[in-house]
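Inspection log for the structure reproduced underneath, given as structure tokens.
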Amino acid sequence: MEFTLLDPSTVGFWSIVPPLVAIILALITKEVISSLIIGILAGTTIYTCFLHQPVIMVFRNILELMTSKIGANAPMVLFLALLGALVAVITSAGGSKAYGEWAFKKLKDRRSACFMTSLLGVIIFIDDYFNALTIGTVMRPVTEKFKISREKLSYFIDATAAPICIIAPISSWAAAVSGFIDGEDGLVLFVKAIPMNLYALLMLFMVFWISFRKKGDFGPMATVENQVCSGDGNQTDAGAELDENATVQVSSKGRVFDLVAPILVLIVLAILSMLYYGGFWDAPAEGVETRTLFRQISDAFGNTSSGPALALSSMGAIVYAFFQFVPRKVLSFTDFFAAITRGVKTMVPALIILTLAWTISGVCRDLLNTGAVVSHWVVVCRMPLMLIPTVLFIVAGLLSFSTGTSWGTFGILIPIGLSIAAEIDPGMNILVLSSILAGSVLGDHCSPISDTTILSSTGAGCNHISHVATQLPYALLVGFVCVIGYLVAGGLRQFGAVSWTVVGITWAVSLPLLIVLLIVLPMFWTGKGRKS
């Protein structure tokens with residue numbers, strides 16, 4: 001079945017109703033599945049009414065759209081299922097338990113555990129999906145031993161996943177962004193935009209700052225942390241759907257090596273698989289034999305298919321785990337495959353939420369043309385040059401928040417933003433690109449229907465809406481500082497400042513302001529920093 005993309009002028013305000021309904025209901029009811037279903041129903045009802053179709057088409061459109069989204073994301077579904085199986089196998093083999101005991105001895109306190117979690121988030125920069133689930137697997141036993149809430153763990157995961165990927169030249173995100181830039185070298189422009197990608201850089205700074213501070217939490221996060229530290233919080237209930245492995249007998253033969261080795265194999269295979277699917281080892285095309293090794297790698301990541309690559313790597317890691325555990329009798333043949341079954345089951349709730357999130361994103365993008373509507377509002381509003389970066393940052397954030405996809409926002413706004421820069425001031429192209437990238441990551445970070453947000457709560461075993469509610473003040477705080485930063489940068493550019501001056505003065509304003517807010521805000525927010 002083919003869908004008719006409605007014209008933006010036809011749909012108008014109605015195009016943003018479905019994501020608004022889903023997001024508002026999710027925040028009010030704290031139930032994400034029913035909220036997404038109602039949002040999808042609202043979107044297909046609007047679509048059906050505008051096309052004057054019979055009522056039965058509301059449900060047929062949902063079925064067809066959901067089927068197409070599952071098909072398009074089938075490799076990612078397989079990757080998540082296999083990764084859940086790998087986590088269950090490692091847990092049953094005693095690898096997670098052994099690593100937790102080792103880390104508890106080596107890491108001195110909560111601060112070092114938080115720092116290690118943040119550091120791993122920065123190290124794993126190839127792909128945000130892989131980042132989210134791998135860090136949750138490795139660090140959850142450690143953070144639980146130090147009484148760090150799952151909400152805080154999921155924040156560390158989410159706040160390093162997309163922000164580090166969007167400033168890493170070799171990553172699936174860099175490849176996606178480069179593909180949306182026409183007329184010049186996309187990768188070069190992406191690299192030039194990194195210093196002004198304020199949200200990513202300031203959020204990474206904030207993550208490490210909070211890791212070091214003993215009383216740095218504020219808002220709902222401080223309340224949750226206090227409850228967990230005092231023993232009033234219930235960690236298990238928050239991620240009960242992911243904790244079937246906790247009731248399974250764990251092998252006493254497990255070692256730290258039994259967790260580290262499969263994860264390292266997974267990381268290496270993921271990188272090699274991405275290069276393979278990107279054609280790194282294919283015969284070079286005519287005229288490109290002189291490419292440098294860095295350029296070959298960048299092009300391979302730019303051409304890769306991350307879904308199949310990640311599925312292939314997780315499959316290879318499970319095969320490796322079989323030969324690591326079964327011949328040594330750490331797990332019996334039967335226990336190994338029983339763990340695989342349990343692991344796949346633990347991913348079912350996340351897969352349901354992801355499927356619904358993909359579907360409502362399709363409603364916005366493929367049926368109601370939400371992105372074009374928002375973009376049209378930007379174009380028709382004439383504004384001073386100094387406001388363009390700030391407005392694009394805010395619009396990108398709202399669009400990414402409402403659709404749950406930063407990549408979709410890239411595809412919509414980057415061509416529009418660069419066209420605006422070309423018309424008004426070609427020297428603003430880097431500032432325009434960086435503001436769009438930053439706003440897209442902000443919206444993705446905040447949105448309860450974002451796949452990265454869902455996977456972060458999944459990896460940490462945290463209730464999804466609780467994760468959204470506790471990290472939202474942190475994301476909005478950094479977003480507020482970014483608005484000021486882009487206002488400063490736009491003003492400097494309007495008065496003819498050169499690029500390095502714009503970056504230097506913007507940072508001289510933004511970074512100290514964020515530090516001051518992080519110090520002062522916990523003193524006045526309800527639920528001030530942690531008690532211990």
Please calculate how many Å² of accessible area the range 291-342 carries per residue, with a 1.4 Å probe and no DNA, RNA or ligand atoms counted.
48
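Quick one: of 152/215; 106/147; 147/345, which pairs are farther than 18 Å apart, Cα to Cα? Walk me through the numbers on the way to the answer.
Values: 152/215 13 Å; 106/147 16 Å; 147/345 27 Å.
Too far apart for the 18 Å limit: 147/345.
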Around residue 407 (Cβ within 11 Å, Cβ-to-Cβ, excluding residue 407; K/R +1, D/E -1) the net charge comes to -2
Heavy atoms of residue 155: accessible area, 1.4 Å probe, square angstrom to 10:
0
Surface share of carbon and sulfur [accessible, 1.4 angstrom probe, percent] for the range 194-235:
60
Expected sort for 71-82, 105-116, 477-488 on mean C-beta neighbours within 10 Å, highest first, is 477-488, 71-82, 105-116
Find how much the distance from residue 191 to residue 476 grows on full extension, using 0.36 nm per residue of separation minus their present alpha carbon separation; answer in nm with one decimal.
100.1 nm
On the accessible surface of the range 78-152, probed at 1.4 Å, how many percent belong to carbon and sulfur atoms?
65
Largest-first ordering by accessible area, 1.4 Å probe, given options 428, 386:
386, 428
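What ranking of 252, 456 comes out by heavy-atom accessible area, probe 1.4 Å, highest first? Spell out each step's value before the answer.
Working: 252 115, 456 0 Å².
In descending accessible area the options line up as 252, 456.
The values are calculated or read from the model by the stated rules, or taken from the named source; none is laboratory data. Predicted model only: the values in this text are computed from it and were never measured. A quick note on method: Cβ atoms are made from the backbone with ideal geometry, for glycine too, and the neighbour counts reach across all protein chains shown. To get the accessible areas, we keep the full protein, side chains included, count just its heavy atoms, and leave off ligands, DNA and RNA. Shrake-Rupley method; radii C 1.70, N 1.55, O 1.52, S 1.80 Å.
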